[in-house]
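A.B. asks: Shown below is the structure under consideration.
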Amino acid sequence: MAHRAPRATLPAGGGRSLAWIGVVLVCLTLVACGFQLRGAGELPPEMARTAISGISEQDALARDLAQSLRANGVRVVERDEADALLRITRMDTGRRTLSVGGDARVSEYEVYLTIGFQVEGLGSEFEIPTQTLTLTRDYLFDPAGVLGRSEQERVLRESMRRDAVQLILLRLQSAAR
């Protein structure tokens with residue numbers, strides 16, 4: 001019969017207490033280093049009431065941008081009620097050939113989205129000069145799956161649009177610092 005070493009045991013509920021202490025320590029560490037969840041940043045106070053111009057309200061970018069601004073405490077309003085104007089100065093999207101195979105057929109495409117924006121304080125000196133973002137994604141072209149290609153492109157474009165909104169917000173948040 002083998003002899004077993006005595007095992008250390010925790011008092012009843014002691015494991016739970018240690019787990020809570022661990023969670024609290026992790027939270028305190030994250031707070032101390034300045035960690036914030038995405039979208040929880042602070043925008044410039046001059047943007048408390050902001051109008052969006054340069055694109056249609058029905059455009060998916062305008063809807064996503066308005067939703068993200070609201071999530072960050074900004075009231076998205078009409079221009080006559082606004083403290084600031086977020087103007088989309090440029091929006092280009094397209095597709096380029098990235099590579100051609102040995103049979104002289106396209107084997108890879110790149111889709112791109114370029115957005116220019118600026119913020120102008122209405123009735124104040126506040127301003128964020130024009131900035132430009134360019135996002136790209138590439139994909140392999142399968143001539144047998146033409147229908148799948150258009151769906152793949154649509155998904156890539158949606159992804160770029162969501163990323164562009166996040167990048168715009170990060171740039172706006174950096175202006176608040």
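A.B. asks: Using the structure shown, decide if Thr130 is part of a strand (DSSP E or B) and surrounded by fewer than 13 Cβ atoms within 10 Å (Cβ to Cβ).
C.D. replies: Criteria met by Thr130.
A.B. asks: Anything in segment 133-144 that is of a type outside the set (A, V, I, L, M, F, W, C), surrounded by 12 or more Cβ atoms within 10 Å (Cβ to Cβ) and touching a helix residue (DSSP H, G or I) at 6+ places or on another chain (Cβ under 9 Å)? List them, or say none.
C.D. replies: Across segment 133-144, the qualifying residues are Thr136, Arg137, Asp138, Tyr139.
A.B. asks: Considering Leu85, Leu98, which residue is touching an Asp or Glu at 6+ places or on another chain (Cβ under 9 Å), touching a residue at least 24 places away in the same chain (Cβ under 8 Å) and over 20 Å from Val74 (Cα atoms)?
C.D. replies: The conditions single out Leu98.
A.B. asks: Within segment 94-123, which residues are modelled with pLDDT under 90 and either assigned to a loop (DSSP other than H, G, I, E, B) or within 30 Å of Ala51 (Cβ to Cβ) (or both)?
C.D. replies: Within segment 94-123, Gly101, Gly102, Asp103, Ala104, Arg105, Gly123 meet the criteria.
A.B. asks: Here's a follow-up. Within 30 Å of Ala48 (Cα to Cα) and either basic (Lys, Arg) or assigned to a strand (DSSP E or B) (or both), is that true of Asp80?
C.D. replies: no
A.B. asks: Take the residues in segment 39-69 that are in contact with a helix residue (DSSP H, G or I) (Cβ under 7 Å, 6 or more places away or on another chain) and in a loop (DSSP other than H, G, I, E, B), then tell me which one is modelled with the lowest pLDDT.
C.D. replies: Filtering segment 39-69 for residues that are in contact with a helix residue (DSSP H, G or I) (Cβ under 7 Å, 6 or more places away or on another chain) and in a loop (DSSP other than H, G, I, E, B), the one modelled with the lowest pLDDT comes out as Gly39.
A.B. asks: Still on this structure, please answer the following. Every residue in segment 143-177 that is more than 14 Å from Leu69 (Cα to Cα), hydrophobic (A, V, I, L, M, F, W, C) and either part of a helix (DSSP H, G or I) or within 14 Å of the chain's Cα centre (by Cα) (or both), please.
C.D. replies: Val146, Leu147, Val155, Leu156, Met160, Ala175
The values are calculated or read from the model by the stated rules, or taken from the named source; none is laboratory data. This one's a predicted model, so the numbers in the text were calculated from it and none came from an experiment. For neighbour counting, all protein chains shown are included, and Cβ atoms are generated from backbone atoms with ideal geometry for every residue, glycine included.
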